[in-house]
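Visitor: Questions regarding the structure given below will be posed in turn.
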Amino acid sequence: MSGLYILLTIVRRTDAGEYEEFYRKHGISVTYSTNCNGTAHEKTLALWGIEKNEKSMLISFVAEGSLKTILRELTLEMKIDLPDRGIAVAIALSGIGGAKALEYFRMGQTDNDAEQNDQQTKEKNMQTAQELIMAIYEKGYTDLVMDAAREAGAAGGTTIKAKGTGAGAEKFFGLSLAEEKEIVLIVSSNEKKKDIMKAIMHKAGMDSKAHALVFSLPVTDTAGFRFSDTVEKE
């Protein structure tokens, strides 16, 4: 275990600078940013009182000893639990490419609490309450993928654009590896994960025009979901 987490923070594009400054202030020096878009239906946005807007995804690296503090301050200082303020998802890294890379990503962060919390973290990672579902598919088929996911209980997702770099292997089961792709990220409860993944594979999988590839990652912790969870229960 590397003692390091990747923290994905998805916020309105206009708020990205504010969150970047927040992470710098709390000693998180390594943060990357990419543009993305939300996938929620208009009626869902209206229910939450949220306007459709462009998003930014911040990709940060957080040491285990800092994670709880960062998540707490995202709620207390940044008010991430309020409507349209964003969400954050933490995923434990299972390995890191050498001591220099680890030192770079940590950038002076300490792990004072890591040793005593190590067993609790391992137990939590084994039984995660939420999962991050990722689907990679042909450009232009977000609606097909998300309609299938919503039918199985997904509330929404975030899309980013990508391009394959499949050098030396132009085709794989008829799928071009080097063409433009889209990736959707869906945070789901563990109970709904299998149904959502099956629905995407059934309606937008490799045998469809979308050619979607689907996988999931265990989420260690989250911030910003309290409001949406309340709406879902109601």
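The values are calculated or read from the model by the stated rules, or taken from the named source; none is laboratory data. Quick caveat: nothing in here was measured; it's all calculated off a predicted structure. Glycine gets a Cβ as well: all are built from the backbone with ideal geometry, and neighbour counts include every protein chain shown.
Visitor: Suppose we keep only residues that are part of a loop (DSSP other than H, G, I, E, B) and modelled with pLDDT of 95 or more within the stretch 50-78. Which one would you say is farthest from THR34 (Cα to Cα)?
Guide: GLU77
Visitor: Hey, does the stretch 151-173 have a residue that's touching a strand residue (DSSP E or B) at 6+ places or on another chain (Cβ under 7 Å), hydrophobic (A, V, I, L, M, F, W, C) and at pLDDT below 90?
Guide: Start the filter on the stretch 151-173 by keeping residues that are touching a strand residue (DSSP E or B) at 6+ places or on another chain (Cβ under 7 Å), which leaves 154, 156-164, 170.
The next check asks that each one be hydrophobic (A, V, I, L, M, F, W, C); those that pass are 154, 160, 162.
Those left that are additionally at pLDDT below 90: 162.
Yes, the stretch 151-173 contains a residue that is touching a strand residue (DSSP E or B) at 6+ places or on another chain (Cβ under 7 Å), hydrophobic (A, V, I, L, M, F, W, C) and at pLDDT below 90.
Visitor: Continuing with the same structure: For the stretch 86-100, enumerate the residues that are surrounded by 19 or more Cβ atoms within 10 Å (Cβ to Cβ) and in a loop (DSSP other than H, G, I, E, B).
Guide: GLY86
Visitor: What pairs come up if the first residue lies in the stretch 8-25 and is assigned by TED's automatic domain parsing to the domain that holds ILE160, the second is of a type outside the set (A, V, I, L, M) and exposed (fewer than 13 other Cβ atoms within 10 Å of the Cβ), and their beta carbons are under 7 Å apart, counting only those six or more places apart or on different chains?
Guide: none
Visitor: Could you please let me know if GLU182 is modelled with pLDDT of 90 or more, in the same structural domain as MET134 (by TED's automatic domain parsing) and under 17 Å from the mean Cα position of the chain (by Cα)?
Guide: Considered against the rule, which asks whether it is modelled with pLDDT of 90 or more, in the same structural domain as MET134 (by TED's automatic domain parsing) and under 17 Å from the mean Cα position of the chain (by Cα), GLU182 comes out as yes.
Visitor: Could we say that ARG106 is farther than 19 Å from ASN35 by Cα and at pLDDT 90 or above here? Even if it seems obvious, please write down each step before you answer.
Guide: Numbers: farther than 19 Å from ASN35 by Cα: yes; at pLDDT 90 or above: no.
When the stated conditions are applied, ARG106 does not pass them.
Visitor: From the set of residues in the stretch 1-41 that are modelled with pLDDT of 90 or more, assigned to a strand (DSSP E or B) and aliphatic (A, V, I, L, M), which is surrounded by the fewest Cβ atoms within 10 Å (Cβ to Cβ)?
Guide: In this case the residue turns out to be ILE6.
Visitor: Continuing with the same structure: Return the residue satisfying two criteria in turn: it lies in the stretch 109-150 and is at pLDDT 85 or above and under 25 Å from TYR5 (Cα atoms), and of such residues it is surrounded by the most Cβ atoms within 10 Å (Cβ to Cβ).
Guide: Once the filter is applied, the top-ranked residue is ALA135.
Visitor: Moving to a separate point now. What number of residues within the stretch 181-212 satisfy the criterion of being closer than 20 Å to ILE87 by Cα, buried (at least 21 other Cβ atoms within 10 Å of the Cβ) and either polar (S, T, N, Q) or touching a Phe, Trp or Tyr at 6+ places or on another chain (Cβ under 9 Å) (or both)?
Guide: Within the stretch 181-212, residues that are closer than 20 Å to ILE87 by Cα, buried (at least 21 other Cβ atoms within 10 Å of the Cβ) and either polar (S, T, N, Q) or touching a Phe, Trp or Tyr at 6+ places or on another chain (Cβ under 9 Å) (or both) number 3.
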